[in-house]
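Asker: Below is one structure. I have some questions about it.
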Amino acid sequence: MISKYVFGEPFETEAIVVDIEETKGTLPYFKQEAGAFVLDLAEEDIVYGLGEQVRGINKRGWQYVSWCYDNPHHHEDTRSLYGAHNFVIVSGSTTFGVFFDYPGKLTWDIGYTKRSLMTVTPEKMDLKVYIITGENEKDIVKQFRGVIGKSYLPPLWAFGYGQSRWGYKNEADIREVAQNYEENKIPLDSIYMDIDYMEDYKDFTVNQERFPDFKGLAQELQGKGVHLVPIIDAGVKIADGYDVYEEGVKEGYFCKNADGKDFVGAVWPGKVHFPDFLNPEARAWFGKKYEQLTSQGIDGFWNDMNEPAIFYTEDRLAETLEKVSTLTSGNMGINEYFAFTGMVAGLNGNEGDYDKFYHNVDGRMVNHRDVHNLYGMNMTRSANEALSRIVPDKRTLFFSRASYIGAHRYGGIWQGDNKSWWSHILMSMSQLPGLNMAGFLYTGPDMGGFGCDTTEDLMIRWLQYSLFTPLFRNHSCDGTRMQELYRFSTKAIMGEMIKIRYALIPYLYSEFLKARENDEMMFRPLAFDYDDDDTRQVDDQLLLGGEVMIAPIYKQNAKGRYVYLPEEMMCVRMRGWNDFECATFEKGHHYINADLHEMFFFIRKGCAIPLVKPVMSTKDIDYSTTQLLGYEASYVLYKDDGISLNNDGKLEMYVLE
Ligand code: MIG
């Protein structure tokens, strides 16, 4: 059962796509106190959800802030990441779900100030709150997903391996990557192009000197089963003669200052205007621009900087420079020194900048601050809606950095700028259930880590975890150690891990389709399926689909790990897709050994999964090579053609025995 409660005058976020009648009366479970919603937590209560956030699967014990934010240095004490996913399930003494549909800043104190309280505070009391009750956690999720709309369906090739790096500068760099993967016989389905492909960081342009035959390159690579996926940034460069800038100004499609002038921020292109993605006309206009690249053979995009990230604004820079001049004019004391460095660092991502601009919503000027968390979602929406019209016969890959619930209908998300840290393998994994609860099925981390220098062993262990996530992309930051797999002395081990991924793609894709079709989670905490006290403690293992449990190694130099089995399961330990052994283990705690070149996962009692012969690109997957792995059992395989935009009525189901 879903009940909707309305407070004040909420902004229509379009997160919920089904009409739900308002329930009058007081909100159940919570007390309303001084602009906040307060819930008593019993000692045994677990709080699941919040999507892309730091810390464990159980969110209890920290204060989180829903405020889409570009933070490339996030760690345990971070409060805001790129997405805002305001759906949680409180599970324990009573079990229910709650979605705070509020697009501004929302603070979640979950047992932080006081262990026994959860306090949720919207900046303004203009919101809708949905309470979802059901048989259990899975049922609550299914009901919630039923009202937020079906998850985005990516093309099958987006389940293949992708190589990315901030720093590929020209056709030769891209060809070199493709060639090295080919020579090393490591499968590859996509190469990502970061901001360097553009001309002066102008969206939808391609630098002609460095990419003299962009269309030819895209075609050549597609012939080998490799898709080029360019990045698009939210900010539009202010530059005379640039169509996107000139049209946007002329039509009034950019966000405005209070005085009606176009708001100016600075990001990679230098000074930019921000398209007003909350205005449907601006959305349609910007979306059509993607055609400039799809017409050259591009069929996938990643949308970046759409929180939106702002390095500085003209006004704040001027103010800061003035204050700095007073600080630097005399002999700088230590307090002045810290004031000075703080002010300069505070230019980037300054919250005050988001108060300074407005959106045109049906002719009404809406302050950005009040709708901040909707910006990224509507950028990806603009691309998706336009391309569904322009290229109606096939799926385009989209994933975004910023998101709100609802964005899951238009694209996937990647998990943002992580680091090459062991702890960030676990962080990625801990986010998966919360993201799936909120509808984000197509997701994954920057494998190997984005910031900092990766190491061979970290890369291998990261692959062993990531080979289960739908988005399977190795990405890293300019200036860090290069991490294309062929550069490592252990590339043979890494290549085997990629082949295991390709052997599993039919299974992963099938479970993805089921999760999408049935509004279910692909990745679940163990306690969503099993009900004992030990299970409720497990926060570094996940159930995958109906048959698998993953328990990756995420610690340096570990040659194994403890795993809890909530019932008997079969452990599959693999060195290669065709080099493995299986052993069953009883319910309970076990230490499972795995040297660096070995990965393992579990098949649930009485289940089997399909495994195919790996190929170099998903276009060559041959379902006729399918074998079943696991218990003596059948498996229901879902598939479709992997490319038609709409697979309604085209879903095929086979019973494999
Ligand atoms: O300010 O385009 O998260 O994946 O490589 C950094 C450069 C901008 C942030 C993205 C990252 C990308 C980088 N971008």
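Asker: Could you tell me which GluC sites (Glu not before Pro) in segment 305-339 are loop residues by DSSP with no more than 15 other beta carbons within 10 angstrom of their beta carbon?
Answerer: none
Asker: What is the calculated FRET efficiency for ALA36 to LYS323, with r their C-beta to C-beta distance and R₀ = 25 Å, to the nearest 0.05? If you can, show how the numbers build up before the last one.
Answerer: On the way: r = 35 Å, r/R0 = 1.39.
Rounded to the nearest 0.05, the efficiency is 0.10.
Asker: Further question: Work through the residues other than ASP620 whose Cβ is under 14 Å from its Cβ and net out their charges, Lys, Arg +1 and Asp, Glu -1. Numbers along the way, then the final one.
Answerer: Details: positive: LYS185, LYS224, LYS499, LYS613, LYS619; negative: GLU182, ASP189, ASP622.
Local net charge: +2.
Asker: Over the chain, what is the relative contact order in whole percent, taking alpha-carbon pairs under 8 Å and six or more residues apart? Mind showing how you got there, number by number?
Answerer: Details: 1519 pairs, mean separation 92.7, N = 657.
For the chain, the relative contact order is 14 percent.
Asker: I've got another one for you. Find the relative contact order for segment 150-192 and round it to a whole percent, using C-alpha pairs within less than 8 Å whose residues are 6+ positions apart.
Answerer: Averaging sequence separation for qualifying contacts and normalising by length gives 55 percent for segment 150-192.
Asker: Can you compute the equivalent ellipsoid semi-axes for segment 530-657, i.e. the square root of 5 times each eigenvalue of the Cα gyration tensor, sorted largest first and rounded to whole Å?
Answerer: On the way: eigenvalues 166, 68, 43 Å².
Listed largest to smallest, the semi-axes of segment 530-657 are 29, 18, 15 Å.
Asker: I want to check the label-to-label distance for VAL636 and LEU27. Put each point 7 Å from Cα in the C-beta direction and report it in nm to one decimal.
Answerer: 3.8
Asker: If you don't mind, another one. Within the set of other residues whose C-beta is less than 9 Å from the C-beta of VAL272, count the net charge using Lys and Arg as +1 and Asp and Glu as -1.
Answerer: Net charge in that neighbourhood comes out at +1.
Asker: Okay, moving on. Ignoring everything but the protein chains, give the 1.4 Å probe accessible area of VAL655 in square angstrom, nearest 10.
Answerer: My reading of the accessible area for VAL655 is about 90 Å².
Asker: Take the Cα gyration tensor of segment 160-225, multiply each eigenvalue by 5, square-root it, and list the three semi-axes largest first, rounded to whole angstrom.
Answerer: So the equivalent ellipsoid measures 21, 12, 10 Å along its semi-axes.
Asker: Take THR294, THR23 and sort them by solvent-accessible surface of the protein heavy atoms, 1.4 Å probe, largest at the top.
Answerer: THR23, THR294
Asker: Okay, moving on. Rounded to the nearest 500 deg cm²/dmol, what is the calculated helix-only ellipticity per residue at 222 nm for the chain, with -39500 (n - 2.57) per DSSP H run of length n ≥ 4?
Answerer: The helix-only estimate for the chain comes to -7500 deg cm²/dmol at 222 nm.
Asker: Averaged over every viewing direction, what's the projected area of the C-alpha convex hull for segment 342-487? Give it in nm², one decimal, please.
Answerer: Its average projected convex-hull area is 12.0 nm².
Asker: Along the three principal axes, how long is segment 348-393 when you take its alpha carbons, biggest first, rounded to the nearest angstrom?
Answerer: Dimensions of segment 348-393 along the principal axes of its Cα atoms: 44, 29, 12 Å.
Asker: Is the shape of segment 318-400 best called rounded, prolate or oblate, per the rule: a/c under 1.5 gives rounded, else a/b larger than b/c gives prolate, else oblate, with a ≥ b ≥ c the square roots of the Cα gyration tensor eigenvalues?
Answerer: Here segment 318-400 falls in the prolate category.
Asker: Take the Cα radius of gyration of segment 27-146 and divide it by 2.2 N^0.38 Å, with N its residue count; two decimals is plenty. Don't skip to the end; give the middle numbers.
Answerer: Values: Rg = 13.5 Å, N = 120, 2.2 N^0.38 = 13.6 Å.
So the Cα radius of gyration is 1.00 times the expected 2.2 N^0.38 Å.
Asker: Right, next: Go through segment 123-198 and name the GluC sites (Glu not before Pro) that are in a DSSP coil and have 13 or fewer other Cβ atoms within 10 Å of their Cβ. Don't skip to the answer; put the middle values down first.
Answerer: Working: sites: GLU123, GLU135, GLU137, GLU171, GLU176, GLU182, GLU183; in loops: GLU123, GLU135.
Sparse-neighbourhood loop GluC sites (Glu not before Pro): GLU135.
Asker: Under a Cβ-only charge scheme (Lys and Arg +1, Asp and Glu -1), can you give me the dipole magnitude of segment 411-539 about the Cα centre, in debye to the nearest 20?
Answerer: Dipole magnitude for segment 411-539 comes out near 580 debye.
Asker: With the dipole of the chain worked out from charges on the C-beta (+1 for Lys and Arg, -1 for Asp and Glu) around the Cα centre, which of PHE357, GLY439, LEU317 lies farthest toward the positive end?
Answerer: GLY439
Asker: Over 32 Å apart: what share of the alpha carbon pairs of the chain falls there, rounded to a whole percent?
Answerer: 49
Asker: Ok, one more. Do any chymotrypsin sites (Phe, Trp or Tyr not before Pro) in segment 252-323 lie in a loop, going by DSSP, with at most 13 other beta-carbon atoms within 10 Å of their beta carbon, and if so which?
Answerer: Details: sites: TYR253, PHE254, PHE263, PHE277, TRP285, PHE286, TYR290, PHE301, TRP302, PHE311, TYR312; in loops: TYR253, PHE263, PHE277, TYR290, PHE311.
Answer by residue number: there is no such site.
Asker: Going highest first, how would you order 341-348, 566-573 by mean Cβ packing within 10 Å? Spell out each step's value before the answer.
Answerer: On the way: 341-348: 13.1, 566-573: 19.2.
Top of the packing list down: 566-573, 341-348.
Asker: Determine the alpha carbon to alpha carbon distance for each of LYS150/LYS605; LYS619/LYS650; LYS491/LYS613 and list only those over 22 Å.
Answerer: Violating the 22 Å Cα-Cα cut-off are LYS150/LYS605.
Asker: Can you compute 3J(HN,Hα) from phi for each residue in segment 225-236, using the Karplus curve 6.51 cos²θ - 1.76 cosθ + 1.60 with θ = phi - 60°, rounded to whole Hz and x for Gly and Pro?
Answerer: Once rounded to whole Hz, the list reads x, 10, 9, 8, 10, x, 8, 10, 9, 6, x, 9.
The values are calculated or read from the model by the stated rules, or taken from the named source; none is laboratory data. Note that the structure is predicted; figures quoted are calculated from it, not measured. Glycine gets a Cβ as well: all are built from the backbone with ideal geometry, and neighbour counts include every protein chain shown. Surface areas here come from the heavy atoms of the whole protein model, side chains and all, with no ligands, DNA or RNA. Shrake-Rupley method; radii C 1.70, N 1.55, O 1.52, S 1.80 Å.
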